[in-house]
Amino acid sequence: METDILIIGAGPAGLAAAFEMASKGLDVTIVDESITMGGQLNQQTQVIPSLPSSFQSMRGFELAAHLTKQLEEYDIRYLLGHRVIGFYKDGSVGITDEQDVFAVKAKKIIVATGAAENAVAFPKWTLPGVMTIGAAQTMINRDFVQPGKEAVIVGSSDFALDAALQLSEVGVHVKGFIEKNAGILSRDLEKIEQVKKMGIPIYLDSFIKEARGMGAVEEIEIEIGTRVLTEKVDLVCVDGGRSPILDIFYQLGCSFGYQKELGGWVPQYNHQFQTDRQDIFLAGNAAGISTQGVLLVTGMLAGINVCEAVGAITKTIADEEKDFLWKELEILETKYNPNIWEARNRHMENFAHPVIKEQFLS
Amino acid sequence: MDKSTIICRCEEISYEEIEEVLTNGATTFDDIKRLTRCGMGPCQSKICHSLVASMIHEKTNTPYFQIPLPRMRMPLSPIKLETLATNSTSFSSVKSVMDEVELEDGKVR
Ligand SMILES: Cc1cc2nc3c(=O)[nH]c(=O)nc-3n(C[C@H](O)[C@H](O)[C@H](O)COP(=O)(O)OP(=O)(O)OC[C@H]3O[C@@H](n4cnc5c(N)ncnc54)[C@H](O)[C@@H]3O)c2cc1C
Ligand code: FES
């Protein structure tokens, strides 16, 4: 199969990029291993703060539907329920529909594969009942399954607070937040207030010393400073932060740079959201963990840069659109996370310096 | 951390086992993998690699930006051999190997 552009990942970033390119007449193919479009937005029931100016305020799953709908009038090839499993020598992408593996040859590829949640280890963390906050959120909002009755949350980021509020809404008793740092990580004062009003304690300088249970988690020991607290719980939701998913970039031979604030190792890219492989662009959480509004803008920017690279729009038009979007990205990213914006800029500056690839091969 | 804590859940490799290979001179994820099987489970290190990176950081004082990523190989996620040995005609090294297999009276020659 041949296509002008292949987008890997139909999350907000991939869909935003698809719109920019399809609306300029490019032949676009989208591949995603899930059968639904929208990526992680599908289980987000909270109203998403600070979307780009062209969007109305809405909830995550509504945003997924909106992004899907705005592509309806274009002739896009969807490979849903398909996985990218590798690459061929001639550069074609190996995709499987679980029956066969076939090759897709694309002039340009945008990788928007999102992020994975990091694990948090403590004794017996492998007991059933211990899961990431994202998994708990997926269970209640997508699968309509209550993952437990008595819960604690490890972490205190915005995402952890959202998960706690959504768990409470469906009747899970959230018994506390366990934060290893000396302060709450979330900067959303409104949400912190909401959590405090509900009377959920937030333990700082604390961690899970041990989980116990026969075949499932039944009880945990929380170490808080010099004190140890035992809680009966059947659900422990851990927030270890998120990191970009890198396997596709690795196979493509892209180089990486380390930026803690962006989630650790991130593919090296320039202001065009182009990796050191000229035909490979990236967008979304794969380009550094940020908020949904920012991820949409990175998708739009990647889309416009690809349009320019294949000659679908002139440089003048592209520059005008990009100027506007970069300003928007700066506003959205500095509002909540100025340190992420700074890290992103450092990361892009590093692109100009020679990067050593071999260092990553062991 | 308690030494019995599992670090690689797919292969059930504990903190203690990884600590041991680190004291014996391992410096990267792939060193640890080759010595313990950590990272060789169905998730192909997607779950354990960040935990192992923090162990390497703690035990050897190596800054994170100097701890290389684990090698990520094809196929990127588990796939049935039957699927990999696809009907598609355009390629695949496995396909070509399978092509050369000839059956005679139901037996591979
Ligand atoms: C379970 C979960 C819940 C979350 N909830 C929240 C929340 O409530 N609040 C918040 O602020 N953030 C949340 N996040 C963060 C979330 O990552 C972002 O909000 C946003 O969805 C990321 O957008 P993206 O387009 O970069 O990636 P994604 O939305 O993850 O989209 C990437 C897509 O790529 C596909 N893909 C990846 N690899 C392959 C492959 N090899 N072949 C084919 N397809 C592939 C995936 O199936 C996925 O659909 C959550 C994350 C997770 C994991
Ligand atoms: S947790 Fe180590 S390979 Fe899966």
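The values are calculated or read from the model by the stated rules, or taken from the named source; none is laboratory data. What you see is a predicted model, and the numbers here were worked out from it, not measured in a lab. Backbone-built Cβ (ideal geometry, glycine too); neighbour counts: all protein chains shown. SASA here: full protein model, heavy atoms, side chains in, ligands and nucleic acids out. Shrake-Rupley method; radii C 1.70, N 1.55, O 1.52, S 1.80 Å.
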Seminar exercise, completed: Scanning region A:66-103 for residues that are touching a His at 6+ places or on another chain (Cβ under 8 Å) and open to solvent by less than 20 Å² (accessible area, probe 1.4 Å), the one nearest to the other protein chains (Cβ to nearest Cβ) turns out to be A:THR96
Seminar exercise, completed: The residue that is modelled with the highest pLDDT, considering only those in region A:240-255 that are surrounded by fewer than 24 Cβ atoms within 10 Å (Cβ to Cβ) and more than 9 Å from chain B (Cβ to nearest Cβ), is A:ARG242
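What number of residues in region B:1-21 are within 18 Å of the chain's Cα centre (by Cα) and either within 20 Å of B:THR62 (Cα to Cα) or open to solvent by 80 Å² or more (accessible area, probe 1.4 Å) (or both)? Spell out the reasoning first.
Our first condition is that a residue be within 18 Å of the chain's Cα centre (by Cα); within region B:1-21, this holds for B:6-15, B:17-18, B:21.
From the residues that got through so far, the ones that are either within 20 Å of B:THR62 (Cα to Cα) or open to solvent by 80 Å² or more (accessible area, probe 1.4 Å) (or both) too are B:7, B:9, B:12, B:15, B:17-18, B:21.
Total meeting the criteria: 7.
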Exercise. Do we find that B:SER45 is open to solvent by less than 50 Å² (accessible area, probe 1.4 Å), more than 9 Å from chain A (Cβ to nearest Cβ) and under 20 Å from A:TYR258 (Cβ atoms) in this structure?
Worked result: yes
Seminar exercise, completed: Only one of (1) within 7 Å of another protein chain (Cβ to nearest Cβ); (2) within 16 Å of ligand 1 (Cβ to nearest atom); (3) open to solvent by less than 20 Å² (accessible area, probe 1.4 Å); (4) within 15 Å of the chain's Cα centre (by Cα) does not apply to B:ASP30, and that is (2)
For this session: Would you be able to say whether some residue in region A:256-267 is part of a helix (DSSP H, G or I), among the charged types (D, E, K, R) and either within 14 Å of chain B (Cβ to nearest Cβ) or over 29 Å from A:ALA65 (Cα atoms) (or both)?
Result: yes
Exercise. In region B:30-86, what residues are of a type in the set (Val, Ile, Thr), in contact (Cβ under 8 Å) with a residue 12 or more places away in the chain and more than 12 Å from ligand 2 (Cβ to nearest atom)?
Worked result: B:ILE56, B:THR60, B:THR62, B:ILE67
Exercise. Which of the residues that make up region A:14-45 are buried (at least 21 other Cβ atoms within 10 Å of the Cβ), under 28 Å from A:ILE317 (Cα atoms) and either polar (S, T, N, Q) or within 16 Å of ligand 2 (Cβ to nearest atom) (or both)?
Worked result: A:THR29
Exercise. Could you say whether any residue in region A:117-129 is within 16 Å of ligand 2 (Cβ to nearest atom), open to solvent by 40 Å² or more (accessible area, probe 1.4 Å) and either under 22 Å from A:THR291 (Cα atoms) or among the charged types (D, E, K, R) (or both)?
Worked result: yes
Problem set entry | Hits in region A:275-309 - residues which are outside any helix (DSSP H, G or I) and either within 12 Å of ligand 1 (Cβ to nearest atom) or closer than 25 Å to A:GLY241 by Cα (or both) | A:THR275, A:PHE281, A:LEU282, A:ALA283, A:GLY288, A:ILE289, A:SER290, A:THR291
For this session: Tell me, yes or no, whether region B:8-15 has at least one residue that is aliphatic (A, V, I, L, M) and more than 16 Å from ligand 1 (Cβ to nearest atom).
Result: yes
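Each row is one residue, and each column tells you yes or no for (1) modelled with pLDDT of 95 or more; (2) more than 12 Å from ligand 1 (Cβ to nearest atom); (3) away from chain B (no Cβ under 14 Å).
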| residue | (1), (2), (3) |
| --- | --- |
| A:ASN118 | yes, no, no |
| A:ALA121 | yes, yes, no |
| A:LYS124 | yes, yes, no |
| A:LEU127 | yes, yes, no |
| A:VAL130 | yes, yes, no |
| A:GLN137 | yes, no, yes |
| A:GLU150 | yes, yes, yes |
| A:GLY155 | yes, yes, yes |
Exercise. Here is a list of conditions, (1) modelled with pLDDT of 95 or more; (2) over 26 Å from A:ARG77 (Cβ atoms), and A:LYS105 meets all of them except one; can you say which number that is?
Worked result: (2)
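Looking only at strands (runs of 3 or more DSSP E) that lie completely in region A:66-167, which have at least 3 residues being touching a residue at least 60 places away in the same chain (Cβ under 8 Å) and among the basic types (Lys, Arg)? Lay out the reasoning, then the answer.
Numbers: elements: A:77-80, A:83-87, A:93-96, A:101-111, A:115-117, A:130-132, A:150-154.
In region A:66-167, A:101-111 are the strands (runs of 3 or more DSSP E) which contain 3 or more residues that are touching a residue at least 60 places away in the same chain (Cβ under 8 Å) and among the basic types (Lys, Arg).
Condition first: in contact (Cβ under 8 Å) with a residue 12 or more places away in the chain and either open to solvent by 40 Å² or more (accessible area, probe 1.4 Å) or among the small types (Gly, Ala, Ser) (or both). Now tell me which residues in region A:46-65 satisfy that.
A:VAL47, A:PRO49, A:SER50, A:SER53, A:ARG59, A:GLY60, A:PHE61, A:ALA64, A:ALA65
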Exercise. Among the residues of region A:264-323, which ones are surrounded by fewer than 21 Cβ atoms within 10 Å (Cβ to Cβ) and closer than 19 Å to A:TYR336 by Cα?
Worked result: A:THR291
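Restricting to region B:53-83, name every residue that is among the β-branched types (Val, Ile, Thr), at the interface with chain A (Cβ under 10 Å from one of its Cβ atoms) and crowded, with 20+ Cβ neighbours inside 10 Å. Step through it out loud before you land on a result.
Going through region B:53-83, the residues among the β-branched types (Val, Ile, Thr) turn out to be B:56, B:60, B:62, B:67, B:79, B:83.
Among the residues that remain, those that are also at the interface with chain A (Cβ under 10 Å from one of its Cβ atoms) are: B:67, B:79, B:83.
Across region B:53-83, the qualifying residue is only B:ILE67.
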